[in-house]
Amino acid sequence: MNHMITIRESIESDLEQIFFIEYSAFKKEGKEIAKLVKNLLSDSTAKPALSLIAFEKNLAVGHILFTKAYIMPKKNISAMILAPLAVIPKAQKKGIGSKLIKTGLKKLSKSGIELVFVLGHPTYYSRYGFKPAEQFSLKAPYPIAQKNKDAWMVKKLKEINEISGKVICAKSLKKPKYWKE
Ligand SMILES: CC(C)(COP(=O)(O)OP(=O)(O)OC[C@H]1O[C@@H](n2cnc3c(N)ncnc32)[C@H](O)[C@@H]1OP(=O)(O)O)[C@@H](O)C(=O)NCCC(=O)NCCS
């Protein structure tokens, strides 16, 4: 099913297509998420970032963004945050989200990233090896409601011992409204 899907790093001229993906995938929150993506892509504190766009034939159908994060006080650990991930409704459930995550994690692993964080659906992201970050005492940039605590997850790309601390995200993502999950 995946054979007609191509994934590459996004370029400036993909922006409108990326916004369209966010609008259609996130529906009423689409405008806000598109604005977040726009801000993150031009945010120096989000760099290095990894922005991947998926095409089905010539149609842009999916997008994933990873941006820089730090762990305080362990600033030497290289980390990223996955946000957002979106696939347009008519292309969902065909493995495109999965392919974007896997391609992203592979590229990040090759570039030496050690930890990847996400605030998302635990059943979805656990398929890719994400685990509740609470078990490693890795706190989110803003407190996560107790009922959603398993949604704050981390994937280790390298075996690191004794990680704990608070995750600091890019400036554009550092707003309580993005941490309500
Ligand atoms: C989440 C999303 C990116 C998945 O994209 P996709 O290309 O359909 O994903 P895949 O085809 O790889 O995987 C589909 C599977 O994910 C599951 N899934 C989708 N959304 C889910 C959710 N919110 N919670 C749990 N599972 C979910 C589907 O039920 C499906 O399960 P199945 O394989 O057992 O049938 C897409 O549904 C989307 O853009 N949703 C709206 C935006 C959003 O919520 N983004 C995620 C933010 S964390």
Subset of the stretch 63-91 [part of a loop (DSSP other than H, G, I, E, B) and either without any contact (Cβ under 8 Å) to a residue 12 or more places away in the chain or more than 16 Å from the ligand (Cβ to nearest atom) (or both)]: Pro73, Lys74, Lys75, Asn76, Ile77, Ser78
Any chance Leu100 is assigned to a helix (DSSP H, G or I), buried (at least 17 other Cβ atoms within 10 Å of the Cβ) and among the hydrophobic types (A, V, I, L, M, F, W, C): yes
Selection status of Ala34, assigned to a helix (DSSP H, G or I), surrounded by 20 or more Cβ atoms within 10 Å (Cβ to Cβ), in contact (Cβ under 8 Å) with a residue 40 or more places away in the chain and small (Gly, Ala, Ser): no
Answer from Pro48, Pro73 - the residue that is more than 18 Å from the chain's Cα centre (by Cα) and of a type outside the set (Ser, Thr, Tyr): Pro73
Considering residues of the stretch 107-138 that are outside any loop (DSSP other than H, G, I, E, B) and of a type in the set (Val, Ile, Thr) only, the residue farthest from the ligand (Cβ to nearest atom): Val116
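Taking Lys94 as the residue in question, decide whether it is assigned to a loop (DSSP other than H, G, I, E, B), more than 19 Å from Leu36 (Cβ to Cβ), in contact with a helix residue (DSSP H, G or I) (Cβ under 8 Å, 6 or more places away or on another chain) and within 12 Å of the ligand (Cβ to nearest atom). Full working, then the answer.
On the way: assigned to a loop (DSSP other than H, G, I, E, B): yes; more than 19 Å from Leu36 (Cβ to Cβ): yes; in contact with a helix residue (DSSP H, G or I) (Cβ under 8 Å, 6 or more places away or on another chain): yes; within 12 Å of the ligand (Cβ to nearest atom): yes.
Taking the combined requirement at face value, the residue satisfies it.
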Criterion (in contact (Cβ under 8 Å) with a residue 40 or more places away in the chain and in contact with a Gly (Cβ under 6 Å, 6 or more places away or on another chain)) met by exactly one of Ile96, Ile160, Ile113: Ile96
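Read-outs throughout are calculated quantities, based only on the coordinates presented, and are distinct from any laboratory measurement. Every value quoted in this text rests on a predicted model; they were computed, and no experiment measured them. Note: ideal-geometry Cβ built from the backbone for every residue, glycine included; neighbour counts use all protein chains shown.
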